Every structure is written in structure tokens, then in C-alpha cells.
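This report refers to the structure that appears directly beneath it.
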Amino acid sequence: MSKKIIVVFGATGAQGGGLVRAILADAKSEFSVKAITRDVNSDKAKELAALGAEVVAADIDDAASIDRALQGAYGAYFVTFYWAHYSPEKEKQEAATFAKAAKKAGLKHVIWSTLEDVKEYVPLHDDRMPTLMEKYKVPHFEGKGESDKFFTEAGVPTTFLRASFYWDNFIFFGSGPKKGEDGKLYLTLPIGDAPMAGIAADDIGKCAYGIFKKGTSTIGKTIGIAGGQLTGEEMAKALSKSLGTEVIYNRIPAATYRSFGFPGAEDLGNMFQFYDEFASELNSIRDVKMSKELNPSLQSFDEWLAKNGKRIPLG
């Protein structure tokens with residue numbers, strides 16, 4: 001009996017790559033995987049091919065290539081990457097292309113990696129956080145959240161997956177502890193005393209694999225995933241233990257974070273404020289227990305630090 005093909009977009013990225021590896025690591029899987037990337041000759045693409053993935057070239061800006069990639073597939077994992085272009089409008093166009101192609105291909109199960117439409121919580125007229133780009137509060141959330149309708153309206157059998165803050169951001173995106181003028185290390189975040197849902201990036205793909213294994217029972221549902229829900233103080237304490245040196249939680253206002261001036265600072269400042277002010281709502285969706293059921297190897301923050309703590313640059 002031939003295996004069901006799962007087409008994974010963003011296969012060389014954090015989410016898609018985790019799913020590709022999770023499928024390939026399961027010798028008894030009912031699925032095979034087709035890894036989609038723009039450049040089949042990149043090092044990451046070659047690594048996936050060496051593991052046994054069928055690596056195929058396609059480009060989100062070329063709808064015909066998406067159609068070809070989905071031919072004969074059972075399901076697909078769709079993810080967009082806002083930070084490549086900083087445009088929620090482009091992200092919505094990409095999602096619409098995915099939904100149209102999924103419907104055309106007759107896919108039986110799609111996972112759409114999405115996030116909240118923040119305007120449902122903080123309307124544009126609500127000035128507790130600034131409106132950005134004239135019509136968004138957290139653009140990199142809302143480009144995804146507004147796109148959920150494309151899949152629903154097209155009648156695509158979809159599970160809506162909401163991930164959490166990547167702990168890997170402490171390694172790769174400068175979010176980790178930094179030295180202050182006093183020489184001490186500070187974890188600077190504008191999340192007040194709220195517990196923020198977080199996850200190891202590689203665990204997102206493993207949870208997605210768990211959703212595919214559950215089958216059609218998850219279609220139409222929104223599933224939030226997290227490896228833990230920690231306050232700034234708790235993260236600083238765990239970092240201190242892992243790094244062997246004190247890390248102090250530097251609680252700052254979201255407005256201060258928005259003023260830092262790096263690309264995306266306003267967007268991220270609003271995001272952290274959203275995590276702070278709506279912690280109960282967001283954490284009720286991002287269920288650690290369910291995530292563990294989907295992915296039995298789910299890492300806690302302490303477990304992630306045991307593997308990755310030494311990779312965190314200390315600025």
C-alpha cells in the first residue's frame with residue numbers, strides 16, 4: 001500500500017523542517033513527505049534529501065508551481081514567512097494562493113500555520129497600543145489571522161495551528177540576555193508578570209505531525225501548541241541556572257520596546273503587549289498538555305536550555 005504524501009512548504013525553515021524530519025524519523029509512518037523549497041541546491045535542501053525526503057522546487061509567487069507540487073498529495077502544511085518582506089498584504093496573497101491550490105488539488109487534510117487576528121481583541125480605535133500600517137495592531141499576526149477565511153470559504157479541510165514564541169529566538173534573533181552597563185546580564189521583555197507561551201521551534205513540526213496522525217478529527221479546529229508558559233522572572237531564573245550566571249528579568253513597558261528602532265520593533269512591541277494583556281486567553285488556546293499528546297518528546301524550557309543554552313549569545 002502506497003503512503004499518503006504530505007507536501008511541506010517552508011521545508012528548509014524552522015516549522016516545515018521540523019515536520020519533514022518528524023515524518024522521516026518514523027519508519028512506520030503512513031505518510032511520505034515532499035519537501036518544498038525555492039532552491040533545491042541549498043545546503044538545507046540537500047540535508048533533507050539525504051534524510052530521504054523528495055525535495056521539489058516551487059515558489060509561492062508562481063501559482064502553477066504550487067499546483068504541480070500538490071498533485072497526487074493527501075495533505076499539505078502551509079506556512080508563510082512575514083519577516084522576509086514585512087508585508088501582511090503579501091502574506092494574505094500567499095495564503096490565498098495556498099487555499100486555492102489546496103482546493104484545486106482536492107487535498108484531504110491541510111494544516112495552516114496561523115496566528116490571532118489581534119483586532120478581534122484590540123480594535124483599531126483602541127489606543128492602548130498604536131495602530132501600524134494604518135490597519136493592523138500586530139501585522140505579522142494579522143496577515144495570518146485574516147487569511148484563515150481563505151481556507152474556510154474555499155471549503156478546504158483545514159486544521160488551524162497556532163504556535164507560540166520560539167525559544168530559539170534567544171539564539172538567532174537577539175532576544176537573549178544582554179549585558180547592562182553594570183556588567184550584569186538582563187533579559188529585557190515587555191511582558192509584565194504574565195506567563196508567555198513558548199516552544200522549541202523543532203517541536204512545532206513534531207506537533208504538526210501529531211495532528212496529521214490524528215487524521216480528520218482535527219479538521220475545522222484551532223489547535224494552539226506550547227512547550228511551556230513562563231513569566232519573565234521564570235525564564236530569567238531558568239536561564240541563570242543553565243548559563244551558570246545570574247540573569248535578571250528587566251521588565252520594561254511595551255512603549256519602550258517599540259522605541260528600540262530595529263526593523264519590526266513596533267510590531268514586536270505590540271505583540272509582547274498582546275501576550276501580556278491577553279495571557280489568559282492566549283494560554284488557554286496554547287495547551288501544553290495537548291501539545292505533549294501530539295508530540296510525546298515535547299521539550300520544556302529547561303529541557304530546551306539543557307540542549308541549547310550554550311548556543312545563546314550573551315551580548
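Going by what's in this entry, would GLY17 be described as part of a helix (DSSP H, G or I), of a type outside the set (Val, Ile, Thr) and under 21 Å from the mean Cα position of the chain (by Cα)? Taking the combined requirement at face value, the residue satisfies it. One residue stands out among those in region 149-202 that are in a loop (DSSP other than H, G, I, E, B) and among the polar types (S, T, N, Q): the one that is farthest from THR216 (Cα to Cα), which is SER175. Checked against the criterion of being part of a strand (DSSP E or B), closer than 30 Å to PHE31 by Cβ and within 16 Å of the chain's Cα centre (by Cα), region 206-214 has no qualifying residue. Annotation for region 244-263: no member residue is surrounded by fewer than 17 Cβ atoms within 10 Å (Cβ to Cβ), assigned to a helix (DSSP H, G or I) and without any contact (Cβ under 8 Å) to a residue 12 or more places away in the chain. Note on region 71-101: residues that are open to solvent by less than 30 Å² (accessible area, probe 1.4 Å) and farther than 16 Å from ALA35 by Cα total 7.
Scanning region 264-297 for residues that are part of a helix (DSSP H, G or I) and of a type in the set (Lys, Arg) yields a total of 2. Residues in region 164-185 that are buried (at least 18 other Cβ atoms within 10 Å of the Cβ) and within 26 Å of THR245 (Cβ to Cβ): 9 in all.
Here ALA208 fulfils each of the conditions (1) out of contact with any strand residue (DSSP E or B) (no Cβ under 7 Å at 6 or more places or on another chain); (2) surrounded by 16 or more Cβ atoms within 10 Å (Cβ to Cβ) apart from (1). Residues of region 58-73 that are assigned to a helix (DSSP H, G or I) and either closer than 13 Å to ALA99 by Cβ or without any contact (Cβ under 8 Å) to a residue 40 or more places away in the chain (or both): ALA63, ALA64, SER65, ILE66, ASP67, ARG68, LEU70.
Quick one: how many residues across region 89-144 are part of a loop (DSSP other than H, G, I, E, B) and aliphatic (A, V, I, L, M)?
The initial filter retains those residues of region 89-144 that are part of a loop (DSSP other than H, G, I, E, B), namely 106-108, 115-117, 121-131, 133-135, 137-138.
Restricting the remaining residues to those that are aliphatic (A, V, I, L, M) gives 107, 115, 122, 124, 129, 133, 138.
Residues that pass the stated criteria total 7.
Restricting attention to region 136-162, the residues that are in contact with a Phe, Trp or Tyr (Cβ under 6 Å, 6 or more places away or on another chain), open to solvent by 10 Å² or more (accessible area, probe 1.4 Å) and of a type in the set (Phe, Trp, Tyr) add up to 1.
The values are calculated or read from the model by the stated rules, or taken from the named source; none is laboratory data. This one's a predicted model, so the numbers in the text were calculated from it and none came from an experiment. Please note: Cβ atoms are built from the backbone with ideal geometry, for glycine as well, and neighbour counts cover all protein chains shown. Accessible surface areas use protein heavy atoms only, side chains included; no ligands, DNA or RNA. Shrake-Rupley method; radii C 1.70, N 1.55, O 1.52, S 1.80 Å.
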